[in-house]
1. I need the peptides 84-95, 137-148, 53-64 ranked by packing, meaning the mean over residues of other C-beta atoms within 10 angstrom, with the highest value on top.
2. Mean separation of Cα pairs under 8 Å and 6+ residues apart, divided by the residue count of the chain: what relative contact order is that in percent?
3. Please quote Rg/Rh for segment 99-167 to two decimal places, taking the Kirkwood radius as Rh and restricting both calculations to Cα atoms.
4. Using alpha carbon centroids, what distance separates segment 28-86 and segment 118-164, in Å?
5. In a Debye calculation with equal point scatterers on the alpha-carbon sites of segment 1-138 and no solvent, what is log10 I(q)/I(0) at q = 0.10, 0.16, 0.19 Å⁻¹?
């Protein structure tokens, strides 16, 4: 794989530490994201950090709140890019597509929170826009959800279903160590 493969880190923000989200899968997601960030920094590769911000004062992503800030493990370097979004897709309301086309990088690596929301939406759009996204399964996580029938759907099953829906149609699903081995 070429050197110009950016790492896209989506919404790794304090808001997701709030207990209101409920039970989460993959407690190692941040550790794996950090491992990828360190690898990208060591090899002087581009990292694009995406931050979700809201103007709704009651939102955990309210732009003036501490919960909207990146988690402590996120320390962008001067060479990195930070994009601000207010919807699920990192392509809407940002210049992400333009940036990726400008640096001519068909392959992109996607990580972040949460798998079945902003990560999935961004991954689907990346595939639809003609990019070749690799989604890092163990560098993403999600939360239990209540179904329309009132059942609790486990974060593990939601993760599995989301990854299954994306694999080989919108993205290639790999683990952290597999991504590092490819580069």
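Where a number appears in this text, it was derived from the coordinates with a stated rule and is not lab data. Just so we're clear, the structure is a prediction, and the values are computed from it rather than from any experiment. In this analysis, Cβ positions are derived from the backbone assuming ideal geometry, glycine residues included, and neighbour counts consider all displayed protein chains.
1. Output ranking for 84-95, 137-148, 53-64: 137-148, 84-95, 53-64.
2. Relative contact order of the chain: 27 percent.
3. 1.06
4. 19 Å
5. -0.30, -0.80, -1.15
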